[in-house]
Amino acid sequence: MAASNTFHALTVPLSMSEKESEQIEKSKTPWVDLPRYPLGHWPTPLQQLKKLSAELQGPNIWIKRDDCTGLALGGNKTRKLEFLIADALAKNCDTVITFGALQSNHARQTAAACAAAGLDCQQILTRSVASDHPSYESGGNLLLDNLLGATTHIVELQDAKDFSVELTADLEKQGKHPYLIPAGGSSPLGALGYGTCAEELAQQCVEHNINPGVLIHASSSAGTQAGLLVGLPAVDLHSRVMGINVYHEDPDRLRSNIKTLCTSMQASFEITGQPLPIEVNHAYFGEGYGIPTQECLDAIRTLARLEGILFDPVYSGKALAALIDQITLGNFDDYEDVVLLHTGGTPALWVYDHLLR
Ligand SMILES: Cc1ncc(COP(=O)(O)O)c(C=O)c1O
């Protein structure tokens, strides 16, 4: 899909040769030429939520279905992992070590990607959420990790780094070649995955003849947002991107991580052009990471019943609650079309069932 860039409206001086203009195009969209290990079903649909728009009497609401990426119940990590797994294989690695919270969607998607690519998957998972649910340490994503054949190490958050150094050394002693993927897959290479999303979205906007005023999504390890901020202007989409902070007590931490990641992506892949402005909204964070707000739980129920679409209580449900609230407040009144990026996470529903009944 990524090779068909015909919708890029590049303004190239007439005197420029075809080769020169091709080079400019490549430097804007480096993800097109980098190796990807095929894991997902692309493009994910862009679907209109007519009933929700009618209910809120607001702009046309569209949902980009990255919960339907096709890899072991889907989610936003599939795009990042296509680049990261290709890199691991190119470096002749046979084992992936990655990090996350106990109910990490990233860890589950990584386990699935490793199974597909024939790699061993070692997960270092931390107790980042105080849950008294009886299945929190065995159900939801953890059940799937186990099913997908990953080895899970549960450690305290402050011990994760030291543990990874020990684990790497142990594996190397056994003759293995480990490849480290940071939490959320949010290295500069992983974040390029959201360049591919920007590209699909630009194509779909042309097909539907829309120009969304804002794109809203859950943000935590910065990769999705940084990838969009760098990727969208490269494909001539200049929508506002509103990241809903679901992880950091201090939203400035997320802002600064996004900034650093945008800069490293631009430097690592010689991406020309300015990223879009960083916008992080902290109003829907509630009491903390993994603690759903009442508005989030209400929004999950509303969308399930109104549109038959499932959201999760940790990430996408908070983004959905934010979208509903922003429309209700009239903050999106200037826009004809708005897009909610559904980043997945639904396997966590089973370890929050007591709050959703
Ligand atoms: C379902 C879901 N949505 C959103 C995010 C946030 O994406 P990012 O970590 O790239 O900011 C995550 C990250 O783990 C996730 O699992």
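When you restrict to C-alpha pairs under 8 Å that are six or more residues apart and normalise by the size of the stretch 26-66, the relative contact order lands at 35 percent.
Once the chain from Thr152 to Lys51 is taken as fully extended at 0.36 nm per residue, the excess over their C-alpha distance is 32.2 nm. For Asp120, the residues whose modelled amide H falls within less than 5 Å of its own, excluding neighbours fewer than 5 places apart on the same chain, are Thr95, Val96. A cysteine counts as unpartnered when no other cysteine's C-beta lies under 4.7 Å of its own; in the chain this applies to Cys68, Cys93, Cys197, Cys205, Cys262, Cys296.
Give me the log10 of I(q) over I(0) for the chain at q = 0.10, 0.15 Å⁻¹, as the Debye formula computes it from C-alpha points; what are the numbers? Results for the chain at q = 0.10, 0.15 Å⁻¹ read -0.59, -1.33. Among Gly308, Gly345, Gly184, the largest mean-square fluctuation in a Gaussian network model of the chain, built with springs joining Cα atoms closer than 10 Å, belongs to Gly308. Placing a label point 7 Å from the Cα of Asp33 along the Cα-to-Cβ direction, the residues of the stretch 171-195 whose backbone N falls under 18 Å of that point are 189, 192-193, 195. Of Lys50, Lys80, Lys64, the residue with the greatest mean-square motion in the GNM of the chain, using alpha carbon springs below 10 Å, is Lys50. Heavy atoms of the protein chains alone define the surface here; on that basis the chain has 43 Å² accessible area per residue at 1.4 Å probe size.
Take every Cα pair under 8 Å whose residues are at least 6 apart in sequence, average their separation, divide by the length of the stretch 77-185, and the relative contact order is 38 percent. Using the Cβ-Cβ distance between Arg127 and Ala90 with R0 = 35 Å, the FRET efficiency computed as 1/(1 + (r/R0)^6) comes to roughly 0.55. Give me the percent of accessible area attributable to carbon and sulfur for the stretch 32-103, probe 1.4 angstrom. That fraction is 52 percent.
For the stretch 270-281, the Karplus equation 6.51 cos²θ - 1.76 cosθ + 1.60, evaluated at θ = phi - 60°, returns couplings of 6, 7, 8, x, 8, x, 5, x, 7, 10, 10, 10 Hz by residue, with Gly and Pro reported as x.
State, to one decimal in nm, how far the label point of Asp325 lies from the label point of Arg305, with both points 7 Å from Cα in the Cβ direction. If labels sit at Asp325 and Arg305, their model points lie 2.1 nm apart. The string of couplings for the stretch 60-76 from the Karplus curve (6.51, -1.76, 1.60, θ = phi - 60°) is 5, 9, 10, 10, 8, 8, 6, 6, 10, 6, x, 9, 6, 6, x, x, 5 Hz, one whole number per residue in order, with x for Gly and Pro.
Among beta bridges identified by DSSP and lying wholly in the chain, the antiparallel ones come to about 10 percent.
For the chain, averaging the sequence separation of C-alpha pairs within contact (under 8 Å, six or more residues apart) and dividing by the residue count gives a relative contact order of 21 percent.
GNM on the chain, alpha-carbon springs under 10 angstrom: the most fluctuating residue among Phe285, Phe269, Phe83 is Phe269. Here's the list of lysines a cross-link from Lys64 could span, going by alpha-carbon distance under 20 Å and ignoring same-chain residues fewer than 8 apart: Lys50, Lys51, Lys77, Lys80, Lys318.
Only helices enter this figure: runs of n ≥ 4 DSSP H residues, each worth -39500 (n - 2.57), summed and divided by the residues of the chain, yield -12500 deg cm²/dmol at 222 nm to the nearest 500.
Phi angles of the stretch 148-156 translate, via the Karplus equation with coefficients 6.51, -1.76, 1.60 and θ = phi - 60°, into HN-Hα couplings of 7, x, 6, 9, 10, 10, 9, 9, 6 Hz per residue; Gly and Pro are given as x. In summary, the aspartates and glutamates within cross-link reach of Lys161, defined as a Cα separation below 19 angstrom excluding same-chain residues under 8 places away, comprise Asp170, Glu172.
The values are calculated or read from the model by the stated rules, or taken from the named source; none is laboratory data. Quick caveat: nothing in here was measured; it's all calculated off a predicted structure. Note: ideal-geometry Cβ built from the backbone for every residue, glycine included; neighbour counts use all protein chains shown. These area figures cover heavy atoms from the full protein model, side chains too; ligands, DNA and RNA do not enter into them. Shrake-Rupley method; radii C 1.70, N 1.55, O 1.52, S 1.80 Å.
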